[in-house]
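Okay, so here's the structure we're looking at.
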């Protein structure tokens with residue numbers, strides 16, 4: 001009986017992933033986004049279609065932006081290949097896309113050091129804060145390892161990038 005529930009759960013997840021996959025809007029030129037490329041040193045997120053950058057955005061990174069995320073709490077943004085695997089509206093950060101960190105390599109690396117790799121790495125917007133305006137967040141690296149964008153940019157990325165899209169994060 002357990003195998004039946006596992007199979008049913010897998011089918012439901014695949015159906016959800018396919019429906020989310022199918023609802024992404026095409027880019028303004030009609031092309032589909034097949035990859036998100038983040039170049040940390042440039043503080044840029046590029047939406048790609050067949051190797052061609054279609055749109056780029058300024059981003060903020062973790063408070064320790066140099067180097068790949070090693071473990072939970074190190075304030076670094078990961079580096080490597082992952083997937084955009086789910087999304088949610090966030091009370092604190094507007095919209096957010098989840099990155100499938102940690103991958104198997106990240107888990108093994110942290111385990112070899114006796115540490116937890118961390119989790120909940122997202123691409124998200126900036127908080128609505130009366131004390132600090134959005135431009136304040138946009139000009140510095142302030143997250144705990146996530147990738148942050150202006151809220152207007154996040155709304156656009158949310159509409160163009162579907163669940164299941166590859167994300168490559170480079171140094």
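Only the coordinates and a few stated rules stand behind these numbers; no lab work does. Small disclaimer: the values here were computed from a predicted structure and weren't measured. Cβ: placed from backbone, ideal geometry, glycine included. Neighbour counts: every protein chain shown.
What nm value, rounded to one decimal, do you get for the distance between residue 42 and residue 91 when each label is placed 7 Å out toward the C-beta?
The two pseudo-label positions are separated by 3.7 nm.
Starting from the Cα gyration tensor of the stretch 111-162, take the square roots of the eigenvalues, sort them a ≥ b ≥ c, and report rounded, prolate or oblate (rounded when a/c is under 1.5, otherwise prolate if a/b is larger than b/c, else oblate). Numbers along the way, then the final one.
Values: a/c = 3.39, a/b = 1.55, b/c = 2.18.
Judged from the Cα gyration tensor, the stretch 111-162 comes out oblate (a/c at least 1.5, b/c at or above a/b).
For the peptides 110-122, 91-103, what is the packing order when you average, over each peptide's residues, the other Cβ atoms within 10 Å and list the highest mean first? The partial results should precede the final answer.
Details: 110-122: 15.3, 91-103: 19.4.
Put in order of decreasing packing, that is 91-103, 110-122.
Which of the peptides 126-136, 42-52 is most tightly packed, and how do the rest follow, judged by the mean count of other Cβ atoms within 10 Å per residue?
Working: 126-136: 12.1, 42-52: 15.5.
Most protected by this proxy first, the peptides run 42-52, 126-136.
Any chance you could check the Cα centroid distance between the stretch 41-94 and the stretch 105-171 for me, in angstrom?
So the two Cα centres are separated by 5 Å.
If each residue of separation counts as 0.36 nm, what is the full-extension length gain between residue 159 and residue 66 once their alpha-carbon separation is subtracted?
Values: separation 93, 0.36 × 93 = 33.48 nm, distance 2.95 nm.
Computed gain between residue 159 and residue 66 is 30.5 nm.
With a ≥ b ≥ c the root eigenvalues of the C-alpha gyration tensor of the stretch 44-171, is it rounded (a/c under 1.5), prolate (a/b larger than b/c) or oblate? Don't skip to the answer; put the middle values down first.
On the way: a/c = 1.76, a/b = 1.24, b/c = 1.42.
Oblate.
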